[in-house]
Every structure is written in structure tokens, then in C-alpha cells.
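Colleague: Before anything else, here's the structure in question.
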Amino acid sequence: DGYLSAIDAANETFNAYVAVTGDKAREMATASDARLAAGQAGPLEGIPLGIKDLFATEGVHTQACSHILDKFEPRYESTVTANLWADGAVMLGKLNMDEFAMGSSNETSFYGPVVNPWRRTNSNMKLVPGGSSGGSAAAVAARLCAGATATDTGGSIRQPAAFTGTVGIKPTYGRCSRWGTVAFASSLDQAGPIARDVRDAAILLKSMASMDAKDTTSVDRPVPDYEAAIGRSVKGLRIGIPREYRVEGMAPEIETFWQRGIAMLRDAGAEIVDVSLPHTKYALPAYYIVAPAEASSNLARYDGVRYGLRVEGRNVEQMYENTRASGFGREVKRRIMIGTYVLSAGYYDAYYLQAQKVRTLIKRDFETAFADGVDAFLTPATPSAAFGIGDEDLAADPVAMYLNDIFTVTVNMAGLPGIAVPAGLSVEGTPLGLQLIGRPFDEETLFSTASVIE
Ligand code: GLN
């Protein structure tokens, strides 16, 4: 009830929730109390969580913050949320996000932008919380839930975590089941938590992760006790500092925090090594080919017949057209156009195939460094702190917006785990984050190293 009244009081300000499930929350909390009284408490018993609108929740608003999924209430539950409920967690509601998770500012949502709970010192300008999991990050930062689910295709967990001073981890591709999560780019999408600190993130990820026969890309490996990795010694670990993650125009405080993170890990006994990931500069352009290509294919299913919105026309073709024309927002349409273009005959080899080759090279860069004994990488999470809502330069130039993802997309392209942790405040008084990148399925090292610099 405490969280529900906090949401009631503050959601108008932040616009973090697009649906509040008060009755369901109370019902789940009552069941939780009964299990607690019976001594059958699960690991997350009674913990109130917010759920990104991308996760299918049975009988509850699930629209990926798109108009095209108008009033859609699935008859099934995503595996990730089912895992959380099985461990006793309680659902507070569905969280705002960029439409179909496409964006870095939460401004593409059909439900309007989310307001970052942080403000610059000496300015009242409203800032974005990052995206696409902007509602998740803002809700955690504003204490409108104890933790939240999120998803990350090119940075959507880590960038909003960095912009709001929270912790977000994208696990290894295959660690969490994608079943019941609305698909954006299937070969890149992964679910993960946004939480107040590293420990909470570890506890939530343990519950969310599972092998699932319903997702053929989920991996059959035991889920370790991530919480136990916190505080584990980092002595002797080799931490790579990739030279290519120092870009022009980066806020100078980021370099300071990066050096401070390096010093903290060194003091804790880790060995710091200078490394090169030479194909980093191609990651962003390649991502913005691969992701729209997969998206254009995944979004073909919204035709006015199967889900949500239908706008009638004189015949079925027109009905498709009308539905898609009014159901999808601008950014989603832009991605569909890019995606179908790069997949079309004549352009496929020049764009899509090239991008896939670049993807392999990016992956190899990491593999080479791991083979040389690097255990994890420390990098900035984003090149800047949160910017203003409605920033005109960014609105006019989608590519400038895409630049936000420069440090995060490599991790998705290579399928690796990455965690964003708060690093300190910018000169303007807004949060900045650092990122740790690990070996496949070695989230434990991310939790142990992240807890050193937290
Ligand atoms: N900002 C990136 C994009 O718009 C990443 C989004 C995501 O990770 N879901 O594609």
C-alpha cells in the first residue's frame, strides 16, 4: 500500500507507470502474507516490482507503449515475470518505455515521455530518464517500486540506469527467456533488472533467469547464486580498459570517474590492462542495420487482425495500411523503412550481410581479449549525462540520438553480459554511470567487480 500511494502521489509528475494494478498488487500481497505466515516464503516474497510494458502479463495491459497494441491484454504470462511471481514478488503495474523499445530517451512512447527524477542544479528543465526502459529506471530512482524489469537490445537497461543513478544489468544472451517478451530484435534482446544497488540487481536476476523450452535461444546452464558473488575478492582479476571507448565530445567528468573506478579496482587487487577492441567504431552503424532489419520482420505481425488496434478500410489491404499507418509512431516507422530497405534484394549484400560480418568481428575482438586473459572490461556507460526532454538538436537528428548507445551496443552485438553502476554526478549534478562487460555467462564477475566500484 505504501508503494501504491507513492505512485498515486507521484506518477503524474514522472509518468513512469502506464498502468497501475492496485487490486492485483493487494491480492498478490495477501497471498504473500499467507505464505510468510505459513513459513513458505519465496526468495522475493512480498517485494513490489514494476514491470516494463514489453513483458506479457496475463490479463493486464501489455502494449509495448504502442498504439497498435491498443487495449491488448495477453492470455499468457512471460517466463521472466512468471519466474518473479513464483518467487513471491508482487506486481505494482506496467512501466512506460519507448515504443517497442526503440529509443534512448523514452520520448517515442505512445503514453508520452517519462520525467527523470533527477534535475540539474540551478535548472528546472525536465530531463529524460534514458530509454528504452525509461519508466523502469525512473520508477526505481523515484522509489515507486523496489525494483523493475527491463530489456536491453542496444543499451536500454544500462543507459537509463546510468541516467538515473540506478544499477542495471543486461545478462548474457540466452540467460533469460525471451518468451512472452514483445520482440524487437530477437538476436539482441535480453531481459534484466533495474535496481537500487548491485545486491538488489543480483537477487532479481537470479529469479528472472532460467532455461526455458519455450525459447530455443535460452541456455541450459544452472543459474548461480549471484548475490554470493558480491564482496567476492577481485584479487588477480584482469580488467581491460578498451582504448576505443574514449570518444570525442565525452563529458570530462566521465574520464575522471573512469580513472577513479580503475583505481578502486586496482586497490582491491585487480590487474588493470590496456586493451584494444579495434572494431568498436563500426558497432553503432552495424547495430542500426541489424536491429531495424530484425524489427521490420518482427513487426510484420501487427496487421490489425491478430492484436490490438484495427482501423477499417474498404478491403483487407487497406485495413492493414490504415492500421499500421495510425498504429505505429514515427520512430517505429523509420526503423521499419530502414529494416525493409537493408533486407531487400540488391541491398541485402551491401548492408545486412556487411553488418553481420562486422558483428562477427566485434565478437572476435572480445574473444581475443578474453583469450589473452582479460576477465572483464571497465568502460563508461554513456558518453554524456541525461539531456532535456524535447531536445531540439536530438529531435532533428536521429543519428545524434543513436550516438547515446555507442558504449552499449557492442555488448549486445557480442551477446555478452554488461552492468551499469552509478559513478558520480556530472558538473550539472546529474548521474553518470560506468559499465562493466564480462565473459559469456560470467555475470558473477560483474557483480563482484561492480560491488567494488559501487
Ligand atoms: N536505443 C537503442 C535503440 O533505439 C536501444 C534500444 C534497446 O536497447 N531496446 O535501438
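Colleague: Hey, can you tell me all the residues within segment 142-158 that are within 9 Å of the ligand (Cβ to nearest atom) and either assigned to a loop (DSSP other than H, G, I, E, B) or surrounded by fewer than 24 Cβ atoms within 10 Å (Cβ to Cβ) (or both)?
Modeller: Thr153, Gly154, Gly155, Ser156, Ile157
Colleague: Still on this structure: So if I check each of Gly50, Gly103, which one is touching a residue at least 12 places away in the same chain (Cβ under 8 Å), under 23 Å from Tyr226 (Cβ atoms) and within 18 Å of the chain's Cα centre (by Cα)?
Modeller: Within the list Gly50, Gly103, the selection yields Gly50.
Colleague: Also, I was wondering about something else. Going through segment 254-284 one residue at a time, which ones are under 24 Å from the mean Cα position of the chain (by Cα) and crowded, with 16+ Cβ neighbours inside 10 Å?
Modeller: Matches in segment 254-284: Ile254, Phe257, Trp258, Gly261, Leu277, His279, Thr280, Tyr282, Ala283, Leu284.
Colleague: Keeping to segment 37-52, report how many residues are hydrophobic (A, V, I, L, M, F, W, C) and over 25 Å from Ile7 (Cα atoms). Break it down into steps so the answer makes sense when it comes.
Modeller: Quick first cut of segment 37-52, residues hydrophobic (A, V, I, L, M, F, W, C) only: 37-38, 41, 44, 47, 49, 51.
Next, only the ones that are over 25 Å from Ile7 (Cα atoms) stay: 37-38, 41.
Residues that pass the stated criteria total 3.
Colleague: Output the number of the condition that Arg310 fails; it satisfies all remaining conditions of (1) touching a residue at least 60 places away in the same chain (Cβ under 8 Å); (2) part of a loop (DSSP other than H, G, I, E, B); (3) touching a helix residue (DSSP H, G or I) at 6+ places or on another chain (Cβ under 7 Å); (4) over 30 Å from Val427 (Cβ atoms).
Modeller: (1)
Colleague: For segment 118-136, what are the residues that are part of a loop (DSSP other than H, G, I, E, B), surrounded by 22 or more Cβ atoms within 10 Å (Cβ to Cβ) and on the phi < 0 side of the Ramachandran plot?
Modeller: Hits for segment 118-136 are Val128, Pro129, Gly131, Ser132, Ser133.
Colleague: Can you tell me which residue within segment 345-357, out of those that are of a type outside the set (Asp, Glu) and part of a helix (DSSP H, G or I), is nearest to the ligand (Cβ to nearest atom)?
Modeller: Out of the qualifying residues, it is Ala355.
Colleague: Report every pair of residues separated by at least 6 positions or lying on different chains whose Cβ atoms are under 8 Å apart, first residue within segment 321-344 and away from the ligand (no atom under 13 Å from the Cβ) and of a type in the set (Phe, Trp, Tyr), second at pLDDT 95 or above and not in a helix (DSSP H, G or I).
Modeller: Going by the 8 Å Cβ cut-off, the qualifying pairs are Phe328/Ser66; Phe328/Tyr302.
Colleague: Moving on to the next point. Hey, any hits in segment 271-285 for a residue that's within 16 Å of the ligand (Cβ to nearest atom), farther than 30 Å from Ser451 by Cα and of a type outside the set (Phe, Trp, Tyr)?
Modeller: Yes, there is a match, as at least one residue in segment 271-285 is within 16 Å of the ligand (Cβ to nearest atom), farther than 30 Å from Ser451 by Cα and of a type outside the set (Phe, Trp, Tyr).
Colleague: Mind telling me which of the residues Gly59, Gly42 ends up being farther than 30 Å from Ala228 by Cα and surrounded by fewer than 19 Cβ atoms within 10 Å (Cβ to Cβ)?
Modeller: The conditions single out Gly59.
Colleague: Just one of (1) surrounded by fewer than 24 Cβ atoms within 10 Å (Cβ to Cβ); (2) not in a loop (DSSP other than H, G, I, E, B) trips up Ser210, so point out which.
Modeller: Every condition holds for Ser210 apart from (2).
Colleague: I want to confirm something. Restricting to segment 159-178 and keeping residues that are small (Gly, Ala, Ser) and touching a strand residue (DSSP E or B) at 6+ places or on another chain (Cβ under 6 Å), which single residue is farthest from the ligand (Cβ to nearest atom)? So that I can check it myself, show each step before the final result.
Modeller: Filtering segment 159-178 for residues small (Gly, Ala, Ser) gives 161-162, 165, 168, 174, 177.
Next, only the ones that are touching a strand residue (DSSP E or B) at 6+ places or on another chain (Cβ under 6 Å) stay: 161-162, 165, 168.
On the way: Ala161: 12, Ala162: 13, Gly165: 19, Gly168: 11 Å.
The qualifying residue farthest from the ligand (Cβ to nearest atom) is Gly165.
Colleague: So, one more: Would a scan of segment 179-195 turn up a residue that is more than 14 Å from Ile419 (Cβ to Cβ), at pLDDT 95 or above, in a loop (DSSP other than H, G, I, E, B) and away from the ligand (no atom under 14 Å from the Cβ)?
Modeller: Within segment 179-195, one or more residues are more than 14 Å from Ile419 (Cβ to Cβ), at pLDDT 95 or above, in a loop (DSSP other than H, G, I, E, B) and away from the ligand (no atom under 14 Å from the Cβ).
Colleague: Taking the condition of being within 25 Å of Pro278 (Cα to Cα) and of a type in the set (Asp, Glu), how many residues in segment 381-435 meet it?
Modeller: The number of residues fulfilling the criteria is 1.
Colleague: Can you give me the ranges of the helices (runs of 4 or more DSSP H) entirely in segment 361-454 with at least 2 residues that are of a type outside the set (D, E, K, R), within 16 Å of the ligand (Cβ to nearest atom) and surrounded by 21 or more Cβ atoms within 10 Å (Cβ to Cβ)?
Modeller: On the way: elements: 392-396, 398-402, 409-414, 443-453.
In segment 361-454, 409-414 are the helices (runs of 4 or more DSSP H) which contain 2 or more residues that are of a type outside the set (D, E, K, R), within 16 Å of the ligand (Cβ to nearest atom) and surrounded by 21 or more Cβ atoms within 10 Å (Cβ to Cβ).
The values are calculated or read from the model by the stated rules, or taken from the named source; none is laboratory data. Only a predicted model underlies this, so the values are computations on that prediction, with no experimental measurement involved. Glycine gets a Cβ as well: all are built from the backbone with ideal geometry, and neighbour counts include every protein chain shown.
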